[in-house]
1. Which members of the range 63-110 meet the condition of being open to solvent by less than 30 Å² (accessible area, probe 1.4 Å), of a type in the set (A, V, I, L, M) and away from the ligand (no atom under 12 Å from the Cβ)?
2. In the range 287-314, how many are within 15 Å of the ligand (Cβ to nearest atom) and farther than 18 Å from residue 272 by Cβ?
3. What do you reckon, is residue 253 hydroxyl-bearing (Ser, Thr, Tyr) and free of Cβ contacts under 8 Å to residues at least 60 places away in the same chain?
4. With the condition kept exactly as written, say whether any residue in the range 303-312 is farther than 28 Å from residue 35 by Cα and in contact (Cβ under 8 Å) with a residue 40 or more places away in the chain.
5. Given the structure, is residue 372 closer than 24 Å to residue 251 by Cβ, of a type in the set (Phe, Trp, Tyr) and assigned to a loop (DSSP other than H, G, I, E, B)?
6. At least 3 residues that are open to solvent by 30 Å² or more (accessible area, probe 1.4 Å) and either acidic (Asp, Glu) or within 30 Å of residue 231 (Cβ to Cβ) (or both) in each: list the strands (runs of 3 or more DSSP E) lying fully within the range 254-369 that qualify.
7. Give just the number: which of (1) open to solvent by 10 Å² or more (accessible area, probe 1.4 Å); (2) among the β-branched types (Val, Ile, Thr); (3) touching a strand residue (DSSP E or B) at 6+ places or on another chain (Cβ under 6 Å) does residue 420 not satisfy?
8. Looking at residue 54, is it surrounded by fewer than 18 Cβ atoms within 10 Å (Cβ to Cβ) and over 25 Å from residue 171 (Cα atoms)?
Amino acid sequence: MAAPPSLRMPKSLQTLGFLMREMPMMVGAQRKLGDVFTIHVHGLPPLVIVADPAIVKEIFTADVTQLHAGEGNAVLLPIVGPTSVLLLDEEPHLRQRKLMLAPLHGDRMRLYGEAMTQITDEEIDRWPLNQPMAMHAAMQAITLRVILRTVFGIDDGARLAELERLLPVMIDLGQWATMVPAIQRDIGGRTPWGRFLSAREEVDGILFDEIRRRHADPAATAERSDVLSLLMQARDGNGEPMADSELRDELLTMLVAGHETTATTMSWVFERLLRHPDALQRLRDDLHAGVRGTYLDAVIKETMRVRPVLNFAMRRLTRPLRVGGFDVPAGWQVAISLALVGLREDIYPEPLAWRPERFIERPPETYSWIPYGGGVRRCLGASFAHYEMTTVLHRVLSRCELRAAQPASEMRRRRAITHVPQHGTQVVVERRLEAVGTTAL
Ligand code: HEM
């Protein structure tokens, strides 16, 4: 049997389409070639795109020795370090993953509710009234501070400010450099790579110092609720704790994986909600009646279906594999299309319509609602992200009356590997209530 069909189009045009007009190209290819097809992009192995939930299930549950996700993330190495859970495969990956599962478990998230609400209040109080502002940037500020306080456990104001200054620089420059490896030359402090290295050195200095302080006072560390303190107390199957360098790598991993993704998803929620007055009204009515969760939950899920921040979950084949009746050779990548699966008409009638009610009528299914990926690589921060989004959105909508700054919807724009609202979700705050209480949801 042959490899999955591909577009009759030169590789250079497929590359251009993938970079400039990814979704139209994917939708067109799926229409022509079906739910499993190949695209060829310069600099990458052939990508087998999958958009069928039955095959998604096969891939997510396949043998971990046959499908690697870590190799494909190797470009992140300079930022997240060699022991990051994102970069590992098989046994080393499962070890890190198990150590991280308990601190990020759903039930624990309530402990962070108060900090999340307080951070949201501080941000809301800074917003201008009656003039356009970018909600995406505001959400980035919130998610960065939330991770630093609740995951890194930084409560010293000066250190917090220092990390808030350094980390965006380090991650922006680092992402840039990983996309264009040729600039990874340290020929002085002013080059992007030189600036990246010096920001990373400063960040590492602060993080290793935080880790040292906690080692110095184990009794106080055992009392703390931040993710770092819990990771320090976790033990693997051999009773071994994480090394300090592993702790540092996983902190950076959670920041890279969790900061921009959560901020962008919330920004899309505002973008969609403010163009659907009925949904906004229904949410407001719920909030005023003290009803928590259900509709907001559906609003978040529906937004993640139509505006996933990441388009693919990637796996590289270590051995040949049959995918949807086709033979895929070793070395090729299977790219599960989170975006195309979310737009399937047989599962989501009128797939382009934004209709949160569909998730109240029918809860999402494991292999057809997959914005957090799946299987042994499923997002480790899904509970954290969902709890944070619920808390922050609830607070903003309870305290602010918002409208979209312009009536037209904002399109999706690619920013490195994420897909963001093209104008940063421009909104106007028309009225703001004083903060009352900081009770968690
Ligand atoms: C709305 C926000 C988020 C979205 C949409 C998202 C999405 C994803 C996706 C698609 C993957 C890859 C899954 C796969 O390959 O099957 C992933 C992995 C991961 N995410 Fe998230 N994520 C979000 C927030 C977070 C947060 C807040 C954290 C940490 C606190 C986090 C930590 C991770 C980690 C550590 C992995 C790697 C898991 C592994 O390789 O085993 N994510 N995420």
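1. Of everything in the range 63-110, just one residue is open to solvent by less than 30 Å² (accessible area, probe 1.4 Å), of a type in the set (A, V, I, L, M) and away from the ligand (no atom under 12 Å from the Cβ), namely 79.
2. 3
3. Values: hydroxyl-bearing (Ser, Thr, Tyr): yes; free of Cβ contacts under 8 Å to residues at least 60 places away in the same chain: no.
Taking the combined requirement at face value, the residue does not satisfy it.
4. no
5. Values: closer than 24 Å to residue 251 by Cβ: yes; of a type in the set (Phe, Trp, Tyr): yes; assigned to a loop (DSSP other than H, G, I, E, B): yes.
Against the criterion (closer than 24 Å to residue 251 by Cβ, of a type in the set (Phe, Trp, Tyr) and assigned to a loop (DSSP other than H, G, I, E, B)), residue 372 qualifies.
6. Working: elements: 312-317, 321-323, 326-328, 333-337.
Answer list for the range 254-369: 312-317.
7. (1)
8. Details: surrounded by fewer than 18 Cβ atoms within 10 Å (Cβ to Cβ): yes; over 25 Å from residue 171 (Cα atoms): yes.
The answer is yes for residue 54.
The values are calculated or read from the model by the stated rules, or taken from the named source; none is laboratory data. The structure presented is a predicted model; accordingly, all values stated were derived computationally and were not measured. In this analysis, Cβ positions are derived from the backbone assuming ideal geometry, glycine residues included, and neighbour counts consider all displayed protein chains. The accessibility values were calculated without ligands, DNA or RNA, using every heavy atom of the protein model including side chains. Shrake-Rupley method; radii C 1.70, N 1.55, O 1.52, S 1.80 Å.
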